[in-house]
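Participant: Pasting a structure here, questions to come.
No lab work stands behind these numbers, since they all come straight from the coordinates. Source: prediction; values computed, not measured. Here the Cβ is made from the backbone with ideal geometry for all residues, glycine too, and neighbour counts use every protein chain on show.
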Amino acid sequence: MPTWDYAPAPESRETARLRESYQMFVDGKFVDGSGTAFKTINPADEAVLAEVAEANQSDVDTAVAAARRAFDRTWGRMPGRERSKYLFRIARLIQERARELAVLESLDNGKPIKESRDVDVPLAAAHFFYYAGWADKLEYAGLGPNPRPLGVAGQVIPWNFPLLMAAWKLAPALAAGNTCVLKPAETTPLTALVLAEICQQADLPPGVVNVLPGAGATGAAVVGHPAVDKVAFTGSTDVGKEIQRQIAGTGKKLTLELGGKAANIVFEDAPLDQAVEGIVNGIFFNQGHVCCAGSRLLVQESIADELLESLKRRLATLRLGDPLDKNTDIGAINSAVQLAKIRELSGIGEAEGAQRWSPPCALPDRGFWFPPTLFTGVSQAHRIAREEIFGPVLSVLTFRTPDEALAKANNTPYGLSAGIWTEKGSRILWMANRLRAGVIWANTFNRFDPAAPFGGYQESGFGREGGRHGLEAYVAH
Amino acid sequence: MHRSLSTDSAIHAEACRVDSSDVTRSSTVLGTQPREFGDAAADATSLRRFLHGLPGVDEVGAQARAAGLFTRSIKKASKVWALEAAIGMVDLTTLEGADTAGKVAGLCAKARQPDPADPSCPPVAAVCVYPDLVAGARSHLVGSSVVVASVATAFPSGRASLRTKLADVADAVEAGADEIDMVIDRGAFLSGHYKTVYDEIVAVKEACGPAHLKVILETGELSTLDNVRRASWLALLAGGDFIKTSTGKVTPAATPPVALVMLEAVRDFAAATGDRRGVKLAGGIRTAKDAIRYLVLVKETAGEDWLTSDLFRIGASSLVNDLLMQRTKEQTGVYSGNDYFSVD
Amino acid sequence: MPTESRLSVRKTYKLYIGGKFPRSESGRSYEVHTPRGAFLANAAQASRKDVRDAVVAARKAFAGWSGATAYNRGQVLYRVAEMLEGRRAQFVDEVGDAEGLTARRAESLVDAAIDRWVWYAGWTDKIAQIAGSSNPVAGPYFNFSLPEPTGVVAILAPQKSSLLGLVSVLAPAVAGGNTVVAVSAQDRPLPASTLAEVLATSDLPDGVINLLTGFTAELASWLAAHMDVNALDLTGVAVADRTELERLAADNVKRVFRGAADPDWTADPGIERLIAYQETKTVWHPIGI
């Protein structure tokens, strides 16, 4: 019987200033969509949050035309010094409306308020802040003496970090002088639309940013539009491949940020307590809805038992529940569809012979929930070691030597990220040199910064977001 | 797993009470190792190898974990529980050159009844004074559950011969101290003479007799979290009942990552031996908010079993008034002021 | 209520040291006039001891400022720009008076100064990316080079350009993590004093920038000889006086920046001043299992 239960500590829902309906944002104004309005729900209780306009093909045409006009007449010829100040304004406005955005994000996405407040929103502001400073320094970015924008960028983003992904797409594109047509995910359109409002408050010229809610069809229309010069997509590898096929032969520039099955490698001399935190953060942060999640734990066999015992003890302290409760660690799964996928693959894990474990966990009656789950006795041949589950499910494998860890870590068509846990500096560098992954975390995990480039090898995509390198995608040399 | 979507479950509103008669604290047999650690302290080399073989602590990761736990939001009934628990875990302290019998009398009165306006407020766990004031303190605490802790071993520096330090302990024990807060020899520790430090703790434990021993590591001087981990294990192996962060005379004193590492040490020690030892945080904890945050750290690191004054203490002086003010605010709904509580 | 002309409350112009506004410990002041000779104000005339105190303040602030994240420095500097913008009208008046300019000309210089500050605010988290490198050495070592701020930079600000020139010499030093003791234009010190007020009301930590008004030649020699100053910017020093200062600077091997006295401050500054006050640290670490 616990001695001390934490009382509910909910963040106020009113702060989100939720409206009954949301329009799309085209050419500087909020207007009705010509498609069929759809509903967005709160995955924690399945209640409808709002009705959202859907952009159909004709809306996409209008938006792209507006973006093209804005590029030709205003944004594309504006001195970088002035573009920079717009982006600084947007960064500041995000900071000013931070709590509103955080609560709205937790309602729409299901992630704990602790994460949207402490990670998503501050990083989004920081991204605009960072790229604001590049807008008037492009000639110093190592992209040649005369870097020029590409034109109109069509950008499609996923549901796992809705506001942050919008920031990752818009900030570098705008800094480089492009205009944007952004399609947020159909289950999480709201914060992107508030970001559009922020663009209005910043007096951003009409057409520079357009936000078109919708689902796959809207995304395909944006990607396929002939007047879009550059396509940026973050989402599943399957859809990424589709997009790559779709734009083949069109001459459009493309960057993709896709899935992963990252290995989190723990050596016997790892700082164990921090390694446990890194493992937990790696796969249970954001309910595991993270492309770079440490979804494969590779633990050196000599410490495997000890580590797993610590890990299980730690998992028992995780708090699952109301995303708006400030003490919640694990929120809701974003949709019924995603929950079904997670359940399916977990079932496959059991069928394949791995041992499944979750801490005792009471799930709320309504909403989409999945307890943090471990599979031990997993081998590289198992599907749960190869396929991205995109949920709070960790597959645990063992290794004996660094070479073996390396071989297993690299044995995947993905290559987004990896983790290395050891106190030995030379081994960190040796492993980092040989791991085929675009982001390598040593003695830490899931650290993001606008100054640090992020992106994958192989089927995890190409192109980098963040840092000086992040400008590359949006500039013609 | 905890489900935070629940409606308010009944939260205990009782404070922790230290009742000496039914305290069941374990202590090791003097000078012998817990069986699980075999010959770890057999000689200087073995001890060094053991301590240096403990897993390292990544400082950034430890800071981040502690900071994350510090974002917990403790409200309503759980806040009231925490405030009362914290009051009952305080070692109300005065360790000044200028201390007098009068000062100690005042301290003891406050220890017995911290809130002059509310007799239902629990007493603190202990008072903590210099050895020559122990007898006086005892006389003012007759009939109370508040125990007397005494610093000893040439507190705070520890720079004296072992003979002097043991005599210091003997004086305090003879005067009736229930608990002895000793300091380790940091010079010996930092120069790698772990066995010296170990042997001194064993000797002091013997001199304590029935009194319980808290071992002050002076973590601010140890500087690294690896050292905090090593010193914690060293003190536990040597038989300390409590490991304590600081003398309160050196900054930094108790900090979140230091507390985290020490709580991990007692947790892991208990897991290996079945023997639960305590942690005392002293110095730098001034607000009720901080005290509650540290209780969260205790609960989510070592576990709820440690949420008792038998296993967790906070050494403080001004903290008590902030705890009382917050407790009053929870009861009355309005913010209070310093004039409604006693000075010292 | 009859309207009568109202007497204004005149400002006392003091030094800015360690986040505070002391008068000169010497008690001295000197008269400041417009280029046409009209009296503007009495400015504090800083002394050797004020220089000493300013360097102490700058040194004290260095660990915190250089240890802050580049992102944090960028945020703080952007906030300074917000405060500058808030006082735009005041600066337009003061620059106009100080330099004998029309309001229109003064406005364009003030706008340029604010935008220049914003430009530098955006550099803080990018200097390492353009001036640092990972070096492909011929052995199993990870080798990287990073810029690091040099320390306390003493700056003799331009004599003619009282705000834009001042901003252009201050901002690159602090954007890079250095702390500064600056001597403003001798005959045109008032915009610098107002800039000090801007700095004091932003989030800039005390002592990161210290501003002294007074006689350039006198103060420059104390700064050039000061053994706890790491770098020296000679921009505001007359050419005839520079040689002696460079000799004094050699006593602790100061990094000396021989800035042009009166360039076109509206032109793109380049990265010369950003890099000038950075050391380069190269680190080696073996790569092996």
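Participant: Report the paramagnetic label zone for residue B:190: residues of region B:142-166 whose backbone N is under 12 Å from a point 7 Å from Cα along the Cα-to-Cβ axis.
Facilitator: Within reach of a label on residue B:190: no residues.
Participant: Identify which of B:322, B:178, B:99 has the largest mean-square fluctuation in a Gaussian network model of chain B, with springs joining Cα atoms closer than 10 Å.
Facilitator: B:99
Participant: May I ask you to evaluate 6.51 cos²θ - 1.76 cosθ + 1.60, the Karplus curve with θ = phi - 60°, for each residue of region C:48-57 and list the ³J(HN,Hα) values in order in whole Hz, giving x for glycine and proline?
Facilitator: Each residue of region C:48-57 in turn: 4, 5, 5, 4, 4, 5, 5, 5, 4, 5 Hz.
Participant: Please turn the phi angles of region A:358-363 into ³J(HN,Hα) values with the Karplus equation 6.51 cos²θ - 1.76 cosθ + 1.60 (θ = phi - 60°), one per residue in order, whole Hz, x for glycine and proline.
Facilitator: So the Karplus estimates, Gly and Pro as x, are 9, x, x, 8, 8, 9 Hz.
Participant: Evaluate the distance, in nm, between pseudo-label points positioned 7 Å from the Cα of residue C:228 and of residue A:139 along their respective Cα→Cβ axes.
Facilitator: 4.1
Participant: Using a 10 Å cut-off on Cβ to Cβ distances, tally the other chain neighbours for every residue of A:132-145 and report the average as a whole number. Please report the intermediate quantities before stating the final value.
Facilitator: Numbers: counts 5, 11, 5, 2, 6, 7, 0, 2, 9, 3, 2, 0, 0, 0.
Across the residues of A:132-145, the mean count of other-chain Cβ atoms within 10 Å is 4.
Participant: Please report the orientation-averaged projected area of region C:1-82, defined via the convex hull of its C-alpha atoms, in nm².
Facilitator: Numbers: hull surface 38.7 nm².
Its average projected convex-hull area is 9.7 nm².
Participant: GNM, chain C, Cα, under 10 Å: largest mean-square fluctuation among C:50, C:111, C:268?
Facilitator: Between C:50, C:111, C:268, it is C:268 that shows the largest mean-square fluctuation.
Participant: Sticking with this one: Quick one: which residues, 5 or more positions from residue B:183 or on another chain, have an amide H under 5 Å from its amide H? H modelled 1.01 Å from N in the peptide plane, none for Pro or chain starts.
Facilitator: It is B:152, B:216, by chain and number.
Participant: Which order do the peptides A:97-108, B:243-254, A:430-441, B:185-196 take when ranked by the mean count of other beta-carbon atoms within 10 Å per residue, highest first?
Facilitator: Working: A:97-108: 24.3, B:243-254: 21.4, A:430-441: 19.8, B:185-196: 17.7.
Per-residue mean Cβ counts within 10 Å order the peptides as A:97-108, B:243-254, A:430-441, B:185-196.
Participant: Name all residues of region B:162-205 having a backbone nitrogen under 15 Å from the label point set 7 Å from the Cα of residue B:132 along its Cα→Cβ direction, giving them as ranges.
Facilitator: From region B:162-205, the list is B:168-169, B:171-172, B:175.
Participant: To check you understand DSSP bridge types, tell me what percent of the beta bridges within the protein assembly as shown (both residues inside) are antiparallel, rounded to 5. It would help to have the intermediate numbers written out before the result.
Facilitator: Numbers: 35 of 121 bridges.
If I count the DSSP bridges inside the protein assembly as shown, around 30 percent turn out antiparallel.
Participant: Antiparallel as a % of all DSSP beta bridges within chain C, to the nearest 5? It would help to have the intermediate numbers written out before the result.
Facilitator: Numbers: 18 of 34 bridges.
Just about 55 percent of them are antiparallel.
Participant: What's the FRET efficiency of residue C:20 with residue B:304 using the Cβ-Cβ distance as r and R₀ = 35 Å, to the nearest 0.05?
Facilitator: Details: r = 50 Å, r/R0 = 1.44.
That pair, residue C:20 with residue B:304, gives E of 0.10.
Participant: Here is a further query. Ignore the peptide's own chain and count Cβ atoms of other chains within 10 Å of each Cβ in A:324-333; give me the average, rounded. Walk me through the numbers before you get to the answer.
Facilitator: On the way: counts 2, 5, 6, 9, 4, 5, 2, 0, 0, 0.
Going residue by residue through A:324-333 and averaging, the value is 3.
Participant: Rounded to whole Å and sorted largest first, list the principal axis extents of the Cα atoms in chain A.
Facilitator: Result, largest extent first: 65, 49, 36 Å.
Participant: Then there is this: Provide Rg over Rh for region A:263-442; use the alpha carbon set for both Rg and the Kirkwood Rh (inverse mean inverse pair distance).
Facilitator: Working: Rg = 15.7 Å, Rh = 16.4 Å.
We get a ratio of 0.96 for region A:263-442.
Participant: What residues qualify as long-range amide H neighbours of residue A:231, i.e. H under 5 Å apart, gap of 5 or more or another chain, H built at 1.01 Å from N?
Facilitator: A:154, A:253, A:254, A:255
Participant: Normalising by the residue count of chain C, find the relative contact order in percent from Cα pairs under 8 Å and 6+ residues apart.
Facilitator: Across chain C, relative contact order equals 24 percent.
Participant: Measure nothing fancy, just the Cα-based angle from helix A:272-284's long axis to the longest principal axis of chain A, in degrees from 0 to 90, nearest 10.
Facilitator: The two axes meet at around 50 degrees.
Participant: Compute the signed sum of charges (Lys and Arg +1, Asp and Glu -1) over the other residues within less than 11 Å, Cβ to Cβ, of residue C:46. Spell out each step's value before the answer.
Facilitator: Numbers: positive: C:14, C:23, C:28, C:48, C:49, C:52; negative: C:25, C:50, C:53, C:218.
My count for the surroundings of residue C:46 gives +2.
Participant: Residue by residue, what Karplus-based ³J(HN,Hα) values in Hz, rounded to whole numbers, does region C:41-46 have, using 6.51, -1.76 and 1.60 with θ = phi - 60° and x for Gly and Pro?
Facilitator: Listing the rounded values in order: 6, 9, 9, 5, 9, 5 Hz.
Participant: Related question: One quarter of the convex hull surface, Cα atoms only: what value does that give for the protein assembly as shown in nm²?
Facilitator: Values: hull surface 203.1 nm².
If I average the Cα hull's projected area over directions, I get 50.8 nm².
Participant: Separate question: Ignoring everything except DSSP H segments at least 4 long, calculate the 222 nm mean residue ellipticity for chain C; use -39,500 (n - 2.57) per segment, divide by total residues, nearest 500. Please list the in-between numbers first.
Facilitator: On the way: 10 runs with 123 residues, N = 289.
After summing the helix terms and dividing by the residues of chain C, the value is -13500 deg cm²/dmol.
Participant: Would you please name the trypsin sites (Lys or Arg not before Pro) within region A:109-155 that are DSSP coil residues with at most 16 other C-beta atoms within 10 Å of their C-beta?
Facilitator: Working: sites: A:114, A:117, A:137; in loops: A:137.
For trypsin sites (Lys or Arg not before Pro) across region A:109-155 that sit outside H, G, I, E and B with at most 16 neighbouring Cβ atoms in 10 Å, the list is empty.
Participant: For region A:26-138, report the translational diffusion coefficient in µm²/s to the nearest whole number, using Stokes-Einstein at 10 °C, 1.306 mPa s, and a Kirkwood Rh over Cα pairs.
Facilitator: Numbers: Rh = 16.5 Å.
The diffusion coefficient I find is 96 µm²/s.
Participant: To the nearest 20 debye, what charge dipole does the protein assembly as shown have about its Cα centre, counting +1 at the Cβ of each Lys and Arg and -1 at the Cβ of each Asp and Glu? Please list the in-between numbers first.
Facilitator: Numbers: 117 positive and 128 negative charges, 371 e Å.
About 1780 debye.
Participant: Moving on to the next point. Would you calculate the convex hull of the Cα atoms in region B:47-340 and tell me its volume per residue in Å³?
Facilitator: Working: hull volume 36.6 nm³, N = 294.
Dividing the Cα hull volume of region B:47-340 by its residues yields 124 Å³.
Participant: Using a Gaussian network for chain C with springs between C-alpha atoms less than 10 Å apart, which of these wobbles most: C:241, C:206, C:187?
Facilitator: C:241
Participant: Rounded to the nearest 500 deg cm²/dmol, what is the calculated helix-only ellipticity per residue at 222 nm for chain A, with -39500 (n - 2.57) per DSSP H run of length n ≥ 4? Let's see the in-between values first.
Facilitator: Working: 13 runs with 163 residues, N = 477.
Here the helix-only value at 222 nm equals -10500 deg cm²/dmol.
Participant: Given H placed 1.01 Å from N in the peptide plane, which residues other than close sequence neighbours of residue B:56 have an amide H under 5 Å from its amide H?
Facilitator: A:272
Participant: For chain B, what does the helix formula give at 222 nm: sum of -39500 (n - 2.57) over DSSP H segments with n ≥ 4, over the residue count, nearest 500 deg cm²/dmol? Walk me through the intermediate numbers first.
Facilitator: Details: 13 runs with 147 residues, N = 344.
Taking each H run of at least 4 residues, the total per residue is -13000 deg cm²/dmol.
Participant: Now a separate question. Taking beta carbons within 10 Å but only from partner chains, what does the mean come to for residues B:52-62?
Facilitator: Numbers: counts 0, 1, 1, 11, 9, 5, 13, 3, 5, 12, 4.
Per residue, the average neighbour count from other chains is 6.
Participant: Quick check: the angle from helix A:304-315's long axis to the longest principal axis of chain A, C-alpha only, nearest 10 degrees?
Facilitator: Its long axis makes an angle of about 60 degrees.
Participant: Okay, next question. Cut-off under 28 Å on the C-alpha distance; same-chain residues fewer than 8 positions from residue A:261 excluded. Which lysines are left, in chain and number order?
Facilitator: A:111, A:114, A:169, A:183, A:230, A:241, A:253, A:312, A:341, A:408, A:424
Participant: Return a whole-number percent for the relative contact order of region B:67-163, with Cα pairs under 8 Å and 6 or more residues apart as the contact set. List each step's numbers first, then the result.
Facilitator: On the way: 115 pairs, mean separation 24.6, N = 97.
In percent, rounded to a whole number, it is 25.
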